[in-house]
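Written out below as structure tokens is the structure these notes cover.
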Amino acid sequence: MDIRLLGLVRVLGDEGEVLPVTAPLTCATLAALALGPGRPVCAGELAERLWGRVPPGGAVGRLRRQVARLRAVLPAGSIRTVPGGYLLDVSPEATDLGRFAGGLLRAEELAAGRPEAALLTLTGVLPLWTGNPLMGLPDCPLRDGERRRLRLLWSRALRLRAELELRLEREAVDEGREAPVSHHPWRVDALPPEAGGDELAAFAGLVERATAVEPPTAATPGLPDGAGMFVARAGELGRLRRWLTDVSATPAVCLIDGPDGVGKSTLAVRVARELGHRFPDGLLYVDLRGADPRNAPLTATEARRLLLAAMGLPGKEMPDEEASGAVYHAEIRRRRVLVLLDNAVDAAQVAPLLPAVGGSAALVTGRARLVGEG
């Protein structure tokens, strides 16, 4: 059993199936117990956390019914009755919060002597956060109070990550290592929507598939898993995070280039998943087919049509080639999205796909150096 608290509250069974724990009050009862696994919680404390200091009439009976509903769904023996209350009889590792807290503690212990191992440990548990913690709960003291506590834990992890990345980045600079990530410095919103490759001097074009998702709650179909290990990539990760943190005034365009097999896509996908929550209208992923020996790259028009479909434009309303550029940029302007353009070929293909106003951003990967000379 896997209890998720760091996002939408839900329970997964041993086979990964989602168990039917969906009613807001039932989720709140589960969360109240799961926040302290193995610890007895008295009925009075549970009632106060669910309804406040003055619970409504019949609160004890309602609480019993919620516990009964949980017992009917969770594995036998998971919830035990103890004198005066209840206990969720699972280990901390049975919850995403327990795994996150354990990873954070291990990272803090490793930080002084083994910063790279500490960062790797921390990076492994940060994706456990899939959104605002305790989503799906009703408005109650438990949700409001615990969210504040959990956000402090999240901030503590982010501070540690920043310290580790800064230290490792300085070490990389001292050793003369060159990072494969370059940040596109242009103010893209000052360019016309159909700016050409010479004006942008970087990128790739053409898309095999496009998918939109409302991050960060679920995997994006077609999106690579991004599960690769990152060794000596702390500096690159840190720079990408900084560049994509505030795009309110102007869109960020980040370029990742290098030879085949160095992990460009893995790096881009990792960052896109991690920062997806900063782009509330979703993540658009497109494989530009620049590394596909069997298929030619798609045209910019084909790419735009796939992206428009990913944004929900019905097929019968799909514009023709001449109008697709204007429609595409009109749709992008209405949204705050992160566009991941993978396996780019050249600037002329990617330029028509770049966000042109603040609020959105693009990550672009390609084999060839994506920033033009002069």
field: Proximal charge balance of Arg149 [Cβ under 13 Å; K/R count +1, D/E count -1]
entry: +4
Environment charge of Asp89, counting only residues whose C-beta is closer than 11 Å and scoring Lys/Arg +1, Asp/Glu -1: +2
statement: Going fewest to most other Cβ atoms within 10 Å around each Cβ, Arg149, Arg53 line up as Arg53, Arg149
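With r as the distance between the Cβ atoms of Thr299 and Arg242 and R0 = 45 Å, compute the FRET efficiency 1/(1 + (r/R0)^6) and round to 0.05.
0.85
State the dimensionless ratio Rg/Rh of the range 1-177 (Rg: radius of gyration of Cα atoms; Rh: Kirkwood radius). Walk me through the intermediate numbers first.
On the way: Rg = 18.9 Å, Rh = 17.6 Å.
Ratio of gyration radius to Kirkwood radius: 1.07.
Read-outs: derived from the displayed coordinates by stated rules, not from any lab. Everything numeric in this text was worked out from a predicted model, so none of it was measured. Neighbour counts run over all protein chains shown; Cβ positions are idealised from the backbone, glycine included.
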